[in-house]
Amino acid sequence: MKNLLFYSQPSHDIGHLIRSMAIVHSLTQEFRVYVVNSGGVIQDFPTLEGIEIVDLPITQTELSDSKLSVASLPIDNISDRRRKRLLELCDRIRPAAVIVERFPFEHHHLAAEIIPLLDRSKDYGAQTICSLGDIVISPTNKADYETETCQLINQYFDQILIHGDPSFISLNESFSCIRELTCDIHYTGYVVPDVDREFSPEAKTKPMILVTVGDGRLGHGLLDCVAQASQYLEDKIPHHIQIFTGPFVPMDIYRRLQAMAIHCSNLTVQRYTLDLLSYMVQADLAIGIAGYDMTLNVLQTGTRAMLLPFGGNVEPEQTRRLARLQERDILKIIEPEELDPILFSFETLAMLNRYPKPNDICLQGVKITTTLVKALVTLKKPFNLLNPTLEPLPCKDSY
């Protein structure tokens, strides 16, 4: 079995790490996988059996991130230490493939360690792959940024895997120089762990509205609004409102919501669940913050949804996806001015009378990524699994 080096950036967010590990787990069917954890140690995150994880010393940029703990090595000459550890790993495992997340579309500050890794891996005949999301957020100087990115891709990479569906969002909408890239380019579909999971039907004691705001650091106004709206909905619909505040919600907010639930027979407030998808499948309506993971959960389950843009409509990446989904009648965007309990209760009633349109957006990113990487390593040349013309072709569910 050949070796594969997967350079990961888990400091981006926990949801991103979970999606990356889903790809890694699938790749272990074909490769011995070595994961380079370049973003710092995330405490208590479960590791996968049979995968070697190499933690790099944390960078100065990441020291302020509360989710990370500083690695044991001192931070003087940190770049040299990180680069040396990467090259030692490359020499030890002689990888057949190297997958790098998002570079050079993002993380240009890590070029001093990633480029030497790519150069060294080529000495061993490795195929080099960029793993990329569906939307690129460009800096202000977009022209210079795109020119530099194209040069780096064309010089160092054999393949780009875009984890998206071009019939929904095409990369050339956010990266205009895509036709200047000379490497193999494929869309994989969105990466959804357990996408083929089957949910056993359960008898509902009461119809349910699910409310969730992720880890609880944001969305407090939405939680308050729903909790207050529950009293207006109590005698109008039979639904029970299940709120998950997230484990990091401030204690004063959690206690206030629990106090409100005592006086509302249709409201339950809990911190979190380990199986949110099961609740979503059972729910008649899901209300929440529109983070990337919540959006994919809605696509996977097909549940009616009302979502408030992450960060109050200031995240262009999330807002763009939401606008497309609302145009397709898959969900409704909650505008900040709609966070009035009475108005929100009417919006909730209206949404319960609507039926979301089924979506055909490809969610098979885990399986398709593994197929494409295996083909590239085996054939040592571009693999025409999808026509890489970069036109918005439909992404197939299986190959």
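Read the figures in this text as sums done on the coordinates, not as results from a lab. Here the structure is a predicted model, which is why all the values come from computation and not from measurement. Every residue, glycine among them, receives a Cβ derived from its backbone with ideal geometry; neighbour counts consider all protein chains shown.
Stretching L87 away from Y124 to a fully extended chain increases their span by 12.1 nm, per 0.36 nm per residue minus the current alpha-carbon distance.
Taking the Cα centre of region 207-291 as origin, work out the dipole magnitude from +1 charges on Lys and Arg Cβ and -1 charges on Asp and Glu Cβ, in debye rounded to 20. Working shown, then result.
Numbers: 5 positive and 7 negative charges, 35 e Å.
The dipole of region 207-291 has a size of about 160 debye.
Simple spin-label estimate for K206 and E338 gives 2.4 nm between the two label positions (7 Å along the Cα-to-Cβ direction from each Cα). For the peptides 149-157, 128-136, residues were scored by their other Cβ atoms within 10 Å and the scores averaged per peptide; the highest-first order is 128-136, 149-157.
Over all Cα atoms in region 208-352, the spread is summed up by Rg and Dmax: 13.9, 39 Å. The translational diffusion coefficient of region 180-267, from Stokes-Einstein at 37 °C and 0.692 mPa s with a Kirkwood hydrodynamic radius over alpha carbon pairs, comes to 205 µm²/s. All Cα-Cα separations within region 100-219 were binned at 10 Å from zero, giving a P(r) of 11, 33, 27, 16, 9, 4, 0, each value a whole percent of the pairs.
Averaging sequence separations of C-alpha pairs under 8 Å and six or more residues apart, then dividing by the length of region 208-352, give the relative contact order as a whole percent.
It rounds to 27 percent for region 208-352.
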